[in-house]
1. In debye, nearest 20: dipole of the range 113-252 around its Cα centre with unit charges on the Cβ of K, R (+) and D, E (-)?
2. Under a Cβ-Cβ cut-off of 15 Å, what is the net charge of the residues other than Arg282 that fall near it, where Lys and Arg count +1 and Asp and Glu count -1?
3. Over the range 111-248, what relative contact order in percent results from Cα pairs under 8 Å that are six or more residues apart?
4. To the nearest Å, what is the center-to-center distance of the range 210-224 and the range 83-126, using C-alpha atoms only?
5. Give me the tail of P(r) for the range 178-236 as a percent: Cα-Cα pairs with distance above 19 Å.
6. Can you tell me which of Leu44, Leu120, Leu182 moves the most in a GNM of the chain? Springs connect C-alpha atoms under 10 Å apart.
7. Pick the calculated P(r) over Cα pairs in 10 Å bins from 0, in percent for this structure from [x] 7, 32, 39, 20, 2, 0; [y] 6, 26, 28, 19, 11, 6, 3, 1, 0; [z] 6, 26, 33, 23, 10, 1?
8. I want to verify a result. In a Gaussian network model of the chain, Cα cutoff 10 Å, which of these has the top mean-square fluctuation: Gly66, Gly273, Gly222?
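The values are calculated or read from the model by the stated rules, or taken from the named source; none is laboratory data. Everything numeric here is computed off the predicted structure, so don't read it as measured data. As a convention, Cβ positions derive from the backbone with ideal geometry for all residues, glycine included, and neighbour counts pool all protein chains shown. Ligands, DNA and RNA are excluded from the accessible area calculation, which covers all protein heavy atoms including side chains. Shrake-Rupley method; radii C 1.70, N 1.55, O 1.52, S 1.80 Å.
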Amino acid sequence: MPFTDLPADRRFFADLLSGLVLNPQRLGRVWFAGAPKMLPAGALCLDMPRLEVVLRGEYGNRLDEGQRHMTQGEMLFIPPRAANLPEFTRPAMVLSMVFAPAWTGMAFYDSRGGGTPAPLRKIDVPHQQRGEGEAMLTALTLLSRSPQDQAIIQPLALSFLHLCRKSLLTQDDATPSRPQFLYQSICNWIQDNYARPLTREDAAAFFNITPNHLSRLFSQQGTMGFVDYLRWVRMAKARMILQKYQLSIGDVALRCGYPDGDYFSRLFRRQFGLTPGEYRARFQ
C-alpha cells in the first residue's frame, strides 16, 4: 500500500520506521533494561515488552549508568517486568513502542524544546496475537541475559522493526488477503505442531500448496523463511521447558522436534551464545 493512502498517524510512524529499516548501517547497539528490586519515582515498569529507539540526539535510562548516554541508532529493549527511567538531559527524538498481545502502541517524543517531553504523536496498531512477532519478542527477552551477543541481537532487532513497519501498512478494517490469511494460518499451524519432524514439504502438503508457493508466502508476507521461523518457535519452547522442568537435554530436544540432542545443543548455542545446560543454570 502506498504511504499516501495511509491515515496521517500511520504514515508518520511508517516514515519513521522506514528511515530505520532502509538504513540499517545507522542502527547501533541494543541495550537491555533490568528489573530493579525497588522502583524509584518516575520509573516505568509494565508486564509487556517495550522498545525505545533513539532517532536523534542523546537519550538515557537513569536506572543504569551504562545506558545514560544512548545516541542516534541505539535501542533500549525493556523485557516484561523490567523497568526504565527516561532521561532527556540533551535534545533528543525517540520512538517508543509497547507490545501488547493484540496491539502495538507507538509514541514519538521530541525533547528539543527542553525538559521531559510529552508524546507529540501516538498510535495503537492492532496486530495478530500469534506469529513470528511473538517469537522475536520472546527471543529478545531471553537474549537480555547475554547482551554481549550483538551479532545475533542486532539482526533480530532489525527484523522486528521490519515487522512493526509492515503492521502499519495493513489497514485496520481491511479483510486479510488470501496470502496474508494463508501465511498466518501456516504460522499458527507450526506453533501447534513444532514438536513433530516438520519440513517445508509437510506444511505445503497440509495446506494443499506447492513448497515453492509456501516459500514465496514467507518471503512476501514475513521477515524470515520457513526454516528460520520453525527454528525460532522451537527455540522459544525449548527455553520455556529449560526454565520450568528438570528434563534431560535429550528429552528437551525431542519435545521441541529435534531427535538429535547434540544437534539441538549446537543450534541453541549458535542462536543464544549458551548451551542448554548453561541457560538452565541461570534459573536455578
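1. 160 debye
2. +3
3. Across the range 111-248, relative contact order equals 27 percent.
4. Using only Cα atoms, the two centres lie 34 Å from each other.
5. Details: 279 of 1711 pairs.
The share of Cα pairs beyond 19 Å in the range 178-236 comes to 16 percent.
6. Of the options given, Leu120 has the highest mean-square fluctuation.
7. The calculated read-out lines up with [z].
8. Most flexible of the set in this elastic network: Gly66.
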